[in-house]
Amino acid sequence: MKTITAYKCTNCGQVMYPRHERCLNCNEREFKEIYPTKKGKLLTYTVVNELPWGIDERARVLGVVEFDNGIRALGLIKSDRVKIGMKLTSGWDEVRYMNGVRVYGLTFS
């Protein structure tokens, strides 16, 4: 499975995704690459009702999930019931089919 790469400051331990040139907490420039765990907790979400042409759905749910190791990421929620605090499992799945090409992204279910 493809995954995202986050960065942990070697000075203060701040976890950042995506990468920044300097630590947002202490301005350090040295980072260690870390990868999300498979499971996480939903911190917040939004329902997008006005989708672009080519997506044949009434709405999509996008959410910010915090993985067990502190990484936070935005992805598509593939669950019928959504509640802040719920446990989710991450995946790398098709999120759109555009111009004959399958587009993949971070998903949670």
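The values are calculated or read from the model by the stated rules, or taken from the named source; none is laboratory data. Predicted model only: the values in this text are computed from it and were never measured. As a convention, Cβ positions derive from the backbone with ideal geometry for all residues, glycine included, and neighbour counts pool all protein chains shown.
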Filter result (surrounded by fewer than 17 Cβ atoms within 10 Å (Cβ to Cβ) and either at pLDDT 90 or above or assigned by TED's automatic domain parsing to the domain that holds LEU74 (or both)) within the stretch 2-13: THR5, THR10, ASN11, CYS12, GLY13
- line: Counted residues in the stretch 31-56 being farther than 19 Å from MET86 by Cα, of a type outside the set (A, V, I, L, M) and part of a strand (DSSP E or B) come to 3
task: Just give me the residues in the stretch 50-78 being farther than 17 Å from PRO36 by Cβ and crowded, with 16+ Cβ neighbours inside 10 Å, in sequence order.
output: ARG60, VAL61
field: Qualifying positions in the stretch 79-109 - exposed (fewer than 14 other Cβ atoms within 10 Å of the Cβ), farther than 30 Å from CYS9 by Cα and of a type outside the set (S, T, N, Q)
entry: ASP80, ARG81, LYS83, GLU94, TYR97, MET98, GLY100, VAL101, ARG102, VAL103
message: Could you check the stretch 1-57 and list, in sequence order, the residues that are small (Gly, Ala, Ser) and in contact with a Leu (Cβ under 8 Å, 6 or more places away or on another chain)?
response: GLY40
